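One structure is given here, and the rest of the page talks about it.
Taken together, the values in this text are just the output of simple stated rules run on the coordinates, not laboratory data. Keep in mind the model is a prediction, meaning the values are calculated, not measured. Cβ placement follows ideal geometry from the backbone for every residue including glycine, while neighbour counts extend to all protein chains displayed.
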Amino acid sequence: MKRHGILNSHISKVLADLGHTDSIVIADAGLPIPSHVPRIDLALILGVPSFEDVVKAVTDDMIVEEIILASEIKENNKKTLQSMNQTFSDKEIEFVPHEQFKELTKNAKAVIRTGEVTPYANCILKAGVIF
């Protein structure tokens, strides 16, 4: 058994396989997931696990170079936006319209689906490098 980091073997493998600028998506329970993109479904019940908990766990184990959110989060989910701003206080967050966000998910290496049920609680994380 691993001592530290992500215990979920699917997430751990995806993170280990990421190259520079590859992306993953952390999604709420309702985001449509393209059929060709691997889905790692963590949703248990409404709200569990939360988007914020999954973002924290993943980013503790991943070098993130770029973050993309739907611009609609600014008006429709200020609590999650505040959490993302705190988590990525040293990075600039890019905002795109939700329809464009959904298009960008087609290029992801995986989508991690949470049990989150608040609006626009989704992010695209692009991998950086450790050197």
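Looking only at segment 59-107, filter to residues that are surrounded by fewer than 18 Cβ atoms within 10 Å (Cβ to Cβ) and small (Gly, Ala, Ser); which one of those is nearest to Leu31 (Cα to Cα)?
Checking each candidate, the answer is Ser71.
From the set of residues in segment 7-59 that are under 17 Å from Leu104 (Cβ atoms) and among the hydroxyl-bearing types (Ser, Thr, Tyr), which is nearest to the chain's Cα centre (by Cα)?
Ser23
Using beta carbons and a limit of 8 Å, which pairs, at least six apart or on different chains, have the first residue in segment 56-76 and free of Cβ contacts under 8 Å to residues at least 40 places away in the same chain and the second one of a type outside the set (D, E, K, R) and part of a loop (DSSP other than H, G, I, E, B)?
Ser71/Pro97
Which residues, counting only those in segment 24-42, are of a type outside the set (A, V, I, L, M, F, W, C) and over 15 Å from Gln100 (Cα atoms)?
Residues satisfying the conditions are Asp28, Gly30, Ser35, His36, Pro38, Arg39, Asp41.
Can you tell me which condition Ile45 does not meet? The list is (1) surrounded by 11 or more Cβ atoms within 10 Å (Cβ to Cβ); (2) within 25 Å of Ile73 (Cα to Cα); (3) aliphatic (A, V, I, L, M), and all the others hold.
Condition not satisfied by Ile45: (1).
Give me the helices (runs of 4 or more DSSP H) completely within segment 7-117, filtered to those with at least 2 residues that are under 19 Å from Val129 (Cβ atoms) and in contact with a Gly (Cβ under 9 Å, 6 or more places away or on another chain), ordered by residue number.
The qualifying helices (runs of 4 or more DSSP H) are 9-17.
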